[in-house]
2 protein chains.
Amino acid sequence: MKKGRVTLKDIATKLNLSPSTVSRSLNDHPAIGEETKKAVKELANALDYQPNPMALGLLQKKSNTIGVIVPEITSHFFSAIITGIQDVIGPSEYNIMICLSNESYEEELTLVKKLSKMRVDGILVSPSSATKDFDHFRRLQNNDVPVVVFDRDCPGLEADKVLVDDYSGAYQAVEYLVRSGCTKIAHLGGPLNLSTTKHRLQGYLDALEKNGIPKREEYIFHVKGFSHKDGLKPARKLLEMEDAPDAIFAVNDNIATSAIHVAKKIGLRIPEDISIVGFDDEPHSSYFSPALSTVWQPVYSLGMLSARILLQRIKDTSAKNDFRLEVFKPELVVRASSRENLSDISG
Amino acid sequence: MKKGRVTLKDIATKLNLSPSTVSRSLNDHPAIGEETKKAVKELANALDYQPNPMALGLLQKKSNTIGVIVPEITSHFFSAIITGIQDVIGPSEYNIMICLSNESYEEELTLVKKLSKMRVDGILVSPSSATKDFDHFRRLQNNDVPVVVFDRDCPGLEADKVLVDDYSGAYQAVEYLVRSGCTKIAHLGGPLNLSTTKHRLQGYLDALEKNGIPKREEYIFHVKGFSHKDGLKPARKLLEMEDAPDAIFAVNDNIATSAIHVAKKIGLRIPEDISIVGFDDEPHSSYFSPALSTVWQPVYSLGMLSARILLQRIKDTSAKNDFRLEVFKPELVVRASSRENLSDISG
DNA sequence: AAACTGCATGCAAACGTTTGCATGAAAATT
DNA sequence: AATTTTCATGCAAACGTTTGCATGCAGTTT
């Protein structure tokens with residue numbers, strides 16, 4: 001009795017109709033009589049009929065699924081973006097398939113293959129920190145699968161992009177540090193080939209230069225990951241230098257947290273001896289002591305907009321060439337981990 | 001030319017074979033000649049043939065997809081579980097569809113319908129805090145979709161379950177507080193109808209009773225959510241009482257963090273004036289000051305095991321009735337937010 | 001009465017696979 | 001030489017939909 005789900009044919013048989021009539025009834029086709037429609041709809045409801053998406057997908061050559069590739073989801077940053085994506089896609093007709101590349105190019109490649117095989121109708125992607133080549137995304141595009149890149153740029157790839165102005169965020173942070181009287185400002189940067197960390201580094205460098213502070217190579221570190229432990233050793237090296245910095249701009253809140261941790265351990269007062277600024281504004285950052293000064297990014301909106309753009313791109317398969325580029329502005333949030341006594345440098 | 005993907009038929013035509021022969025060749029059917037096999041496989045490789053999963057799914061009445069329903073993913077807890085799930089399912093033949101219920105029963109219901117419609121082959125679920133009735137999961141089971149419940153129990157539902165011994169974790173934490181000399185131990189608990197928070201509450205109560213400390217109703221709060229801000233007001237109420245507690249056991253690290261925040265603001269010293277213990281051991285918890293004492297849970301393993309059990313259940317459709325119940329032991333991690341001078345209470 | 005217009009419905013093909021059964025040819029047995 | 005066996009391959013149905021076209025039947029027009 002309960003073998004398999006109820007199909008169009010089942011309904012057809014019970015009503016002495018053909019499957020096509022049942023199909024048309026459910027789709028409100030004008031050529032079907034009102035009574036028939038009503039009868040069909042009622043029975044379909046009673047039997048809890050649910051169209052088989054695979055049959056549909058086979059016929060229409062689409063899966064009604066969109067793929068999302070992110071490096072990881074344990075950080076608040078990506079999980080909040082995904083929440084934004086979900087909130088847009090969820091109510092639509094599409095399903096989401098979330099995939100983690102674990103910051104590995106090979107895994108990313110595998111995932112793209114898997115999603116392509118699945119015939120996803122579109123892809124949202126933030127590339128891994130190991131990805132330097134974007135041909136796998138181009139192959140998707142050649143198969144008419146639209147690609148939207150978010151947060152981490154893929155330079156040279158022609159696609160819709162939703163990014164954050166990391167340069168501006170870093171510039172704001174460092175300029176603030178300068179105005180608060182810091183002169184020896186270090187940078188705990190991230191992996192080298194990510195657009196985001198590159199731009200943060202550049203924002204740091206330009207803010208220094210603009211304010212007449214010479215760049216010091218020994219003040220710049222390229223941390224290899226984004227988690228707390230990745231920041232500990234570099235922070236220690238930095239703070240135990242002879243001529244230690246009086247401020248640190250970190251590539252994210254985790255690394256900034258490591259720096260705070262090390263600074264405290266060494267016996268430095270924050271922010272009197274050293275100012276520390278992070279990036280991301282994770283929810284717990286304001287609960288640290290001292291509360292972390294950081295750069296806020298509109299993560300949820302970023303996820304939502306990316307999803308909306310993809311949805312629109314899927315609907316409107318024309319307009320092949322004019323890709324959208326959306327750049328969100330981040331914002332400095334000053335808390336207790338950085339000095340407050342601003343000098344006027346407008347002159 | 002590039003219309004649609006390459007199909008079995010395409011390969012068949014090019015090789016002057018029938019689709020069935022091509023299919024059998026690719027599946028290493030013994031009845032196919034070696035040369036034919038080789039020729040087919042080579043061409044399939046050259047054309048980058050990828051079988052259409054929808055055609056397959058239609059035929060075999062399965063989607064090769066498993067659904068995951070979680071209340072949210074912005075906390076480290078669930079995102080780490082999902083990472084564990086991914087690491088098990090990823091290499092398998094199955095795809096994962098992650099869905100967020102946002103702690104809402106209605107959304108959970110919608111998601112179950114959606115996944116059922118998709119013909120997922122199995123479901124991993126941690127119910128929302130608003131869910132009291134589990135018939136929607138039973139309906140899945142009746143459609144031969146195996147369900148594995150993780151972390152948050154569904155009392156009365158017969159299914160495989162992978163849980164954490166929250167009772168033990170809470171008991172450990174509170175007993176530790178007692179042994180360290182605290183006598184006025186409060187509890188910032190969570191929403192009332194979750195198995196996890198209920199068990200943590202019970203562990204708290206039993207640890208008190210066992211140690212001869214009378215329960216004080218005014219020391220017990222039921223916080224409505226799990227985020228920082230949900231804990232602020234209750235923490236303030238607690239700490240500004242006339243007879244304020246000398247220890248707080250919080251339902252999770254976020255709430256514990258709020259308590260620390262409030263305590264500091266009021267001017268209390270931690271742990272001299274008040275000990276605070278959390279639950280979850282989030283990655284940043286050891287970087288707070290004072291570093292948070294908390295109860296660690298094997299989240300990643302929990303995700304992995306849940307996924308493994310589901311996979312096995314899908315493979316082995318027999319053995320309907322003997323469901324597995326796996327309970328992980330959590331572990332108290334003592335850091336700086338709780339007193340250390342343990343007295344011997346063994347006598 | 002014959003032809004025509006609507007209208008409601010059914011037929012059959014298609015989407016890309018898999019698989020039981022039939023077919024055909026060559027090789028091995030009688 | 002006739003039969004059986006073996007081996008390699010093809011045919012066709014099935015999975016659950018949608019959709020262009022054909023069909024049939026009523027009512028309306030000539």
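Things to note:
- Of all residues in segment A:25-65, those that are outside any loop (DSSP other than H, G, I, E, B), more than 10 Å from chain B (Cβ to nearest Cβ) and out of contact with any Ser or Thr (no Cβ under 9 Å at 6 or more places or on another chain) total 7.
- Yes/no for residue B:97 being within 22 Å of residue B:143 (Cα to Cα), open to solvent by less than 10 Å² (accessible area, probe 1.4 Å) and within 9 Å of another protein chain (Cβ to nearest Cβ): yes
- Residue check for residue B:17: farther than 30 Å from residue A:53 by Cα, surrounded by 12 or more Cβ atoms within 10 Å (Cβ to Cβ) and within 8 Å of DNA strand D (Cβ to nearest atom): yes
- Scanning segment B:282-303 for residues that are assigned to a helix (DSSP H, G or I) and of a type in the set (Asp, Glu) yields no hits at all.
- Number of the exception - residue B:119 against (1) open to solvent by 50 Å² or more (accessible area, probe 1.4 Å); (2) outside any helix (DSSP H, G or I): (1)
- Filtered residues of segment B:146-158 (kept if over 18 Å from residue B:193 (Cα atoms) and surrounded by fewer than 21 Cβ atoms within 10 Å (Cβ to Cβ)): B:158
- The lone exception for residue A:102 - which of (1) at positive phi; (2) polar (S, T, N, Q); (3) not assigned by TED's automatic domain parsing to the domain that holds residue A:315 it fails: (3)
- Residues that are open to solvent by less than 20 Å² (accessible area, probe 1.4 Å) and either in contact with a strand residue (DSSP E or B) (Cβ under 6 Å, 6 or more places away or on another chain) or on the phi > 0 side of the Ramachandran plot (or both) within segment A:164-182 comprise A:164, A:169, A:173, A:174, A:177, A:182, listed in sequence order.
- Count of segment B:115-161 residues which are away from chain A (no Cβ under 14 Å) and under 21 Å from residue B:191 (Cβ atoms): 21
- For beta carbons closer than 7 Å, sequence separation of 6+ or different chains, a first residue in segment B:11-35 that is among the charged types (D, E, K, R) and a second that is open to solvent by less than 60 Å² (accessible area, probe 1.4 Å) and near DNA strand D (Cβ under 7 Å from one of its atoms), the qualifying pairs are B:24/B:32.
- For segment A:56-71, taking the residues that are in contact with a helix residue (DSSP H, G or I) (Cβ under 7 Å, 6 or more places away or on another chain) and more than 19 Å from residue A:137 (Cβ to Cβ), the one that is nearest to DNA strand D (Cβ to nearest atom) is identified as A:58.
- Strands (runs of 3 or more DSSP E) lying entirely in segment A:183-281 (those with 3 or more residues that are open to solvent by less than 40 Å² (accessible area, probe 1.4 Å)): A:185-189, A:247-250, A:275-277
- Matching option when the condition is at pLDDT 95 or above and part of a loop (DSSP other than H, G, I, E, B), among B:110, B:74, B:83: B:74
The values are calculated or read from the model by the stated rules, or taken from the named source; none is laboratory data. No experiment lies behind these values; they were computed from the predicted model shown. Positions of Cβ are backbone-derived with ideal geometry, glycine not excepted, and every protein chain shown enters the neighbour counts. Only protein heavy atoms, including side chains, enter the accessible area calculation; ligands, DNA and RNA are left aside. Shrake-Rupley method; radii C 1.70, N 1.55, O 1.52, S 1.80 Å.
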